[in-house]
Amino acid sequence: MAVEPVLALGRVVKQFGGRTALSGLDLTLRAGEVYALLGPNGAGKTTTINLILGFLKADAGEVRVCRIDAGTDPIAARARTAYIPEQVALYPGQSGLENLRYFATLAGLAIDRAEAETHLAAAGLAPEAWSRPASGYSKGMRQKVGIAIALARKTRLLLLDEPTSGLDPSAAAAFSGTVRAAAERGTAVLMATHDLYRVREMADRVGVLAGGRVAEEIDPRRYAHTDLERLYIARLSGAVT
Amino acid sequence: MLWRDARVRWIGGMLVLLLMVTGLGAWQSARDYGAEVARVTAAERARWLGQDAKNPHSADHYGLWVFRPSSPLAIFDPGTEPYTGRMVRIEAHLFNDAVYRAVQDAGPFDRAGLSDVSDVVGLVVPLVALLLGFAAFAADRERGTLRLALGNGAPPGPLFAARFTALTLVLAVLVCLPLLTLGGVAIASLGTAGWQAWPRLLVWVAVQALYGAVFLLIAMIASLLARTARGALTISLAIWIALCLVAPRLATAGMEMVSPAPSYRETRLRIDGDLRPHKSAEASDARAQATLARYGVSDQQELPVDLRGLIMVENDHHAFAVYDRELGAFFAALAARDAAFGWAGLLSPRVALQRVSEGLAGTDFVQHAHFVWSAEAYRRAISERMNAEIRDNPQRDGRAMLAGPELWREIPPFAFAPLPLSRSLAEIRVPALLLGLWLALLAAGSIPLIRRLAP
């Protein structure tokens with residue numbers, strides 16, 4: 001029996017005014033899979049994530065999260081999704097620990113301090129920063145609190161928008177481990193990124209987004225970093241020409 | 001979390017300070033007025049009882065002053081009181097106007113425009129509600145926390161409800177606690193006889209909280225719509241100007257156009273026109289002759305009653321009928337205008353609140369009219385008793401009838417029984433429903449915006 005996909009996008013079209021951002025995007029993601037959506041700026045990566053989250057509505061096609069139509073019932077779809085935006089914004093007057101517990105509360109989760117500390121530790125935030133106001137956090141530290149929030153939610157789908165942007169190399173490496181661990185627990189992960197190095201480290205499949213659709217799917221483990229980069233550029237050039 | 005916000009602490013502190021300063025000032029004035037009324041009422045009673053022996057009609061002309069006791073909630077909303085007068089001179093034949101209008105004694109602070117608590121609630125509480133609520137979602141949207149929250153499963157409906165509830169609680173504490181404290185002090189220290197003061201206070205405060213919630217909802221809707229906190233604040237302030245400053249003036253101007261106030265001067269001229277012919281020497285002679293004929297005698301000495309007393313009874317009954325018809329119509333027209341003004345609450349919650357507030361405070365025109373007619377009923381009772389004393393004790397051979405303290409004591413002190421709360425509630429039902437309608441419509445209007453909430 002076929003396993004039901006966690007995320008399924010079918011022939012999704014999205015236009016902004018006269019500009020077509022997505023022109024028939026198909027994408028399927030199963031439990032335990034890490035899918036990297038590669039593409040230049042403006043290729044439609046963030047639009048895809050916004051459609052999955054129900055922040056935007058597709059002009060055509062469908063977006064389903066755990067069989068729920070994200071276009072008609074975005075709240076139910078989001079209840080099954082965790083999300084780390086490119087720029088994680090926190091309440092500056094609260095500590096990382098307080099932010100984590102507050103965002104969890106907003107999502108209807110009550111987590112105690114010990115559990116919150118476990119998630120912050122798993123996300124790689126140094127313990128001495130847990131109780132400091134987030135106003136003094138670097139971008140990487142805020143990103144880690146975002147990761148902790150996503151981990152606390154224990155959802156079937158994790159969406160990452162440029163997740164390693166702003167992380168130092170060791171934090172990015174730790175993050176890769178965290179994502180792989182989540183996938184091994186059965187979480188489906190979709191990440192929009194430019195970071196080919198981390199893509200090869202984390203992703204099971206890579207979709208090159210060009211011309212508003214997945215131009216090609218690649219198994220990143222078959223290629224070295226430099227080959228992957230060359231292939232990516234070639235696909236983009238092909239799409240343009 | 002909200003109390004940790006310096007903005008909330010500052011705004012809240014200033015509001016509480018303003019309410020307390022304004023309320024305590026009004027309470028001090030009410031206490032002074034109450035003490036003065038008690039002193040003058042006692043002096044008037046002593047003056048009435050201490051009259052020399054005299055003809056009862058002279059005593060009727062001797063007259064006395066009666067005072068309208070203020071509702072303890074007048075410290076919040078003086079309503080029509082400063083403009084309608086609070087004391088009436090009771091004397092034979094005359095339906096006098098109420099005098100002693102508080103505006104005549106108004107100081108510079110009163111002219112500053114925020115002279116009473118109802119002004120503060122009507123104007124400043126909406127501003128505070130807007131300042132509390134404008135950032136509810138717009139600031140999160142601008143900061144990016146809304147994206148993180150919604151993207152991580154925060155459901156917009158409960159999120160909106162939780163924030164609205166939290167902000168409403170803050171606003172309720174800031175508004176209700178000072179008002180309940182001030183109201184409690186007023187009830188404990190001022191005369192409350194017949195006012196049903198506690199139920200009135202609780203309903204009045206609840207209505208003010210409801211009014212604040214309307215503006216909180218407006219600010220939160222602006223926050224749902226605007227992309228930035230600054231945009232939400234701009235929308236909120238524009239709505240505040242429209243609803244709190246422009247709409248009340250439009251409502252007043254519209255009312256004057258649609259239903260102009262009846263002319264008091266013309267009413268008084270009509271009354272004089274009706275009374276004058278009845279009081280002429282010819283008319284009096286004709287009534288005397290008719291009375292003698294009715295009793296079948298040719299000389300008033302043969303009458304079983306005093307002719308002068310009888311004529312005075314008839315004259316007064318005629319005057320009572322004229323007053324009832326003319327001033328009754330005048331007061332009814334003003335009351336109808338007041339009732340119609342209640343519908344102007346459709347234009348703005350502030351207009352609805354104004355009518356509801358003064359009605360619950362016991363300072364609306366309906367209570368004033370009730371006082372005026374109560375004083376008139378008291379005046380008529382005195383005249384009737386004095387006239388009856390003359391009529392039933394016929395004096396012969398040109399002697400004048402004299403009465404003394406026993407008769408004066410028969411006249412009880414003036415006791416004003418305010419209209420009950422149930423009557424006030426009936427009077428304000430339209431604006432009260434409109435205030436509720438504002439809240440309901442705003443809540444209904446916010447639902448699709450909440451469903452579509454996006455970062």
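Comparing B:LEU159, A:GLY32, A:LEU159 along the charge dipole axis of the protein assembly as shown, the residue lying farthest to the positive side is A:GLY32, per the Cβ-charge model. Please compute the net charge surrounding A:PRO169, taking Lys and Arg as +1 and Asp and Glu as -1 over other residues with Cβ under 12 Å from its Cβ. Local net charge: -2. Size descriptors for the range A:1-147: radius of gyration and Dmax over Cα atoms are 17.6, 51 Å.
A compact globular protein would have a Cα radius of gyration near 2.2 N^0.38 Å; the ratio found for the range B:379-429 is 1.92.
Taking all protein chains together and a 1.4 Å probe, the residues A:ILE49, B:ILE239 rank B:ILE239, A:ILE49 from largest to smallest accessible area. Counting Cβ atoms of other protein chains within 10 Å of each Cβ in A:142-148 and taking the mean gives 1. Within the full protein context, the accessible area of A:ASP112 is estimated at about 80 Å² for a probe radius of 1.4 Å.
Counting only protein heavy atoms and a 1.4 Å probe, chain B has 44 square angstrom of accessible area per residue. Charge tally for A:THR81 (other residues, Cβ to Cβ under 11 Å; Lys, Arg +1; Asp, Glu -1): +4.
The alpha-carbon of A:LYS144 sits under 22 angstrom from the alpha-carbons of these lysines, leaving out residues fewer than 8 places away in its chain: A:LYS45, A:LYS154. By the equivalent-ellipsoid construction on the alpha carbon gyration tensor, the range A:6-85 comes out with semi-axes of 19, 15, 12 Å, ordered largest to smallest. In terms of accessible area, using a 1.4 Å probe and ignoring ligands and nucleic acids, A:LYS139, B:LYS279, A:LYS144 rank largest first as B:LYS279, A:LYS139, A:LYS144. Size descriptors for the range B:343-455: radius of gyration and Dmax over Cα atoms are 26.9, 101 Å. Most simply put, chain A has about 55% antiparallel DSSP beta bridges, counting only bridges with both residues inside it. Report Rg(Cα)/(2.2 N^0.38 Å) for the protein assembly as shown, keeping two decimals. Cα-based Rg divided by the globular estimate yields 1.49. Taken about its Cα centre, the protein assembly as shown carries a charge dipole of about 2500 debye when Lys and Arg each add +1 at the Cβ and Asp and Glu each add -1 at the Cβ.
Given a 1.4 Å probe, show me the residues in the range B:146-192 buried by at least 10 Å² of accessible surface when comparing the whole protein assembly to the chain alone. Buried-area filter returns B:ARG147, B:LEU148, B:ALA149, B:LEU150, B:GLY151, B:ASN152, B:GLY153, B:ALA154, B:PRO155, B:PRO156, B:LEU159, B:ARG163. Taking every residue in A:70-80 and counting other chain Cβ atoms within 10 Å of its Cβ, the average works out to 3. Here chain B exposes an accessible surface that is 64 percent carbon and sulfur, computed with a 1.4 Å probe and the other protein chains kept in place. When a 1.4 Å probe is rolled over the protein heavy atoms, the share of accessible surface on the range A:85-154 that falls to carbon and sulfur comes to 54 percent.
Entry note: chain B has Rg to Rh equal to 1.14, where both radii use alpha-carbon atoms and Rh is the Kirkwood radius.
Dipole of chain A computed with +1 at Lys/Arg Cβ and -1 at Asp/Glu Cβ about the Cα centre; of A:GLN15, A:ALA107, A:ALA150, farthest Cα towards the positive end is A:GLN15.
Under a model in which nothing but the beta-carbon of Lys, Arg (+1) and Asp, Glu (-1) is charged, the range A:4-122 shows a dipole of about 320 debye around its Cα centre. Calculate how steeply helix B:156-189 sits against the longest principal axis of the alpha-carbon atoms of chain B, using the helix alpha-carbon long axis, and give the answer as 0 to 90 degrees to the nearest 10. Compared with the principal axis, the helix lies near 30 degrees. Using a probe of 1.4 Å on the protein chains alone, the accessible area found for B:TYR100 is around 70 Å². Compared with the dominant principal axis of the Cα atoms in chain A, helix A:96-106 is inclined by about 60°. Of the beta bridges in the protein assembly as shown, as assigned by DSSP with both residues counted there, near 60 percent are antiparallel. Applying D = kT/(6 pi eta Rh) to the range A:85-154, where Rh is the Kirkwood radius over alpha-carbon pairs, T corresponds to 37 °C and eta to 0.692 mPa s, the Stokes-Einstein value obtained is 287 µm²/s. Ranking A:GLU117, A:GLU162 from most to least accessible surface, computed with a 1.4 Å probe over the protein chains only, gives A:GLU117, A:GLU162.
Interface size, chains A and B: roughly 1900 Å² of accessible area buried, both sides included, 1.4 Å probe, rounded to the nearest 100. Working note: 222 nm ellipticity from helices only, DSSP H runs with n ≥ 4, each -39,500 (n - 2.57), summed and divided by the residues of chain B, gives -23000 deg cm²/dmol to the nearest 500. Under Stokes-Einstein, with the Kirkwood radius over Cα pairs as Rh, the value for the range B:323-393 at 4 °C and 1.567 mPa s is 90 µm²/s. Accessible area per residue for the range A:85-154, computed on protein heavy atoms with a 1.4 Å probe, is 40 Å². For chain A, adding -39500 (n - 2.57) for each run of n ≥ 4 DSSP H residues and dividing by the number of residues yields -11500 deg cm²/dmol at 222 nm. Once divided by 2.2 N^0.38 Å, the Cα radius of gyration of the range A:83-211 becomes 1.02. Taking A:THR187, A:THR28, A:THR46 in turn, the Gaussian network model of chain A (Cα-Cα springs below 10 Å) assigns the largest fluctuation to A:THR28.
A Cβ-based charge dipole, computed about the Cα centre of the range B:319-455 with Lys and Arg at +1 and Asp and Glu at -1, lands at about 640 debye.
The values are calculated or read from the model by the stated rules, or taken from the named source; none is laboratory data. Values in this document were obtained by computation on a predicted structure and should not be read as measured data. Positions of Cβ are generated from backbone atoms using ideal geometry, with glycine treated the same way; all protein chains shown enter the neighbour counts. Ligands, DNA and RNA are stripped out before the accessible areas are found, and what is left, the full protein with its side chains, is counted by its heavy atoms. Shrake-Rupley method; radii C 1.70, N 1.55, O 1.52, S 1.80 Å.
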